[in-house]
1. Could you give each residue of segment 25-36 its phi-based ³J(HN,Hα) in whole Hz, using Karplus coefficients 6.51, -1.76, 1.60 with θ = phi - 60°, and x for Gly or Pro?
2. Among F40, F171, what is the fewest-to-most ranking by other Cβ atoms within 10 Å?
3. How much length is gained on full extension from D187 to S134, taking 0.36 nm per residue of separation minus their Cα-Cα distance?
4. What longest range of the chain stays clear of loop-exposed trypsin sites (Lys or Arg not before Pro) (DSSP non-H/G/I/E/B, at most 15 other C-beta within 10 angstrom)?
5. Can you give me the long-range amide H partners of R169? Hydrogens built in the peptide plane at 1.01 Å from N, cutoff under 5 Å, separation of 5 or more residues or another chain.
6. Along segment 141-147, what does the Karplus equation 6.51 cos²θ - 1.76 cosθ + 1.60 (θ = phi - 60°) give for ³J(HN,Hα), rounded to whole Hz, x for Gly and Pro?
7. Using only the Cα atoms of the chain, what semi-axes does the equivalent ellipsoid have when each is the square root of 5 times a gyration tensor eigenvalue? Give whole Å, largest first.
8. According to a simple spin-label model (label point 7 Å from Cα along Cα-to-Cβ), what is the distance in nm between R22 and E68?
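Read the figures in this text as sums done on the coordinates, not as results from a lab. Quick caveat: nothing in here was measured; it's all calculated off a predicted structure. Every residue, glycine among them, receives a Cβ derived from its backbone with ideal geometry; neighbour counts consider all protein chains shown.
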Amino acid sequence: MPTDLSASLAALPGFPQLHGPRVRLRGPRPQDADAVFALFSDPEVMRYWSRAPMTQRDEACALISEMEEAFAQRDKINWVSVDRRDMVIGTCTLFRFDARHRHAEIGYSLRSDQWGKGLAREAVGAALDWAFRSLHLHRIEADIDPLNDNSRRILQRLGFVSEGVLRERFFVGDEAKDSEMFGLLADDWQRRERS
Ligand SMILES: CC(C)(COP(=O)(O)OP(=O)(O)OC[C@H]1O[C@@H](n2cnc3c(N)ncnc32)[C@H](O)[C@@H]1OP(=O)(O)O)[C@@H](O)C(=O)NCCC(=O)NCCS
């Protein structure tokens with residue numbers, strides 16, 4: 001089995017296109033700026049995010065450019081999730097690739113008016129499945145604010161295991177925040193897929 005993560009990332013011909021029954025994941029486009037701004041200016045979505053809500057549409061344009069550049073460098077895979085009308089409703093990002101140890105981190109967001117329908121689980125599940133199969137990752141990590149119950153629920157439903165709380169690991173503004181680490185192994189995912 002090929003396990004060279006850097007080679008697998010370099011060999012990607014373009015943004016991987018993934019889908020669940022109701023959600024598609026694709027690369028971001030400049031035309032997504034209004035929807036990306038709507039997502040990241042929502043205080044509900046940004047409550048546990050490491051940056052303040054956006055206030056200017058230009059910030060969304062800049063973020064889309066950063067996402068495109070990060071993918072070009074194969075530094076991050078920064079999908080947007082879209083509904084049937086191709087409207088952006090969320091994001092899902094694989095980042096902090098570690099080729100030596102074959103792990104990466106995952107992060108995600110969903111428009112708050114779409115919460116509670118299983119759409120984020122569908123999107124994150126598609127990204128995890130692709131990452132284990134196509135990049136042959138051994139482990140995927142997620143790092144959340146321990147107060148972020150919605151995020152904990154989606155991780156646990158996808159089979160992640162809580163591996164402990166790191167105290168005051170991040171500053172959000174002037175406030176030092178704890179960080180709860182979750183891990184999912186390729187074996188955990190395969191077992192879950194078989195059951
Ligand atoms: C974290 C976040 C993506 C979770 O979104 P979500 O919609 O709650 O998550 P899911 O897609 O897993 O939906 C789960 C809910 O949908 C319900 N649901 C309804 N229909 C469903 C279906 N067809 N299939 C699955 N679940 C369904 C589930 O019962 C569950 O509800 P419950 O949690 O009350 O039991 C969202 O809260 C968010 O964007 N938060 C802000 C950003 C953030 O904090 N990201 C994490 C930092 S990395």
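1. 10, 8, x, x, 10, x, 5, 7, 4, 4, 5, 5
2. On the way: F40 20, F171 10.
Fewest-to-most ranking of F40, F171: F171, F40.
3. Working: separation 53, 0.36 × 53 = 19.08 nm, distance 1.48 nm.
Extra length from D187 to S134 when fully extended: 17.6 nm.
4. Values: sites that count: R22, R47, R51, R74, R84, R85, R100, K117.
Maximal segment without exposed cleavage sites: 118-195.
5. Amide H to amide H, under 5 Å and 5 or more residues apart or across chains, R169 pairs with K177, D178, S179.
6. Here the 3J(HN,Hα) series is 10, 9, 10, 10, 5, x, 7 Hz.
7. Details: eigenvalues 113, 89, 59 Å².
Sorted largest first and rounded, they come to 24, 21, 17 Å.
8. 3.1
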